[in-house]
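Read the figures in this text as sums done on the coordinates, not as results from a lab. Keep in mind it's a predicted model, so treat the numbers as computed, not measured. All Cβ positions, glycine included, derive from the backbone under ideal geometry; neighbour counts span all protein chains shown.
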Amino acid sequence: MIELFFVTCLLAQPDRCTDRSLLFEERGGLFGCMLQGQSELARWIETHPSERVREWKCRYAGAGERRA
């Protein structure tokens, strides 16, 4: 599985951030995630208007360490 990993922060409290992720099928691999990632994030933002995406990346699911 490919993971679209992103960090969101509250608009009212920019120092309150949360790690989040969405899973993609292997089809398309990391490149497919990079192509689809922005549109997936745009849909996510539409349903979470009090937050903004600070950063995002595509990676293999479970890779990397989570922030505390």
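Points to keep in mind about this one:
- Packing-based exposure ordering (other Cβ within 10 Å, fewest first) of CYS33, CYS58: CYS58, CYS33
- Relative to the longest principal axis of the Cα atoms of the chain, the long axis of helix 29-47 lies at roughly 30 degrees.
- Exposure proxy ranking, count of Cβ atoms within 10 Å, fewest first, for LEU4, LEU22, LEU11: LEU11, LEU22, LEU4
- Helix-only CD estimate at 222 nm, as mean residue ellipticity for the chain, using -39500 (n - 2.57) per DSSP H run (n ≥ 4): -9500 deg cm²/dmol
- Toward the positive end of the charge dipole of the chain, with +1 on the Cβ of Lys and Arg and -1 on the Cβ of Asp and Glu, the farthest Cα among GLN38, CYS17, TYR60 is that of CYS17.
- TRP56, TRP44 arranged by Cβ crowding within 10 Å, fewest neighbours leading: TRP44, TRP56
- Mean separation of Cα contacts under 8 Å (6+ apart) over length of the chain, as relative contact order %: 47
- Fraction of alpha-carbon pairs over 13 Å apart in the chain - percent: 62
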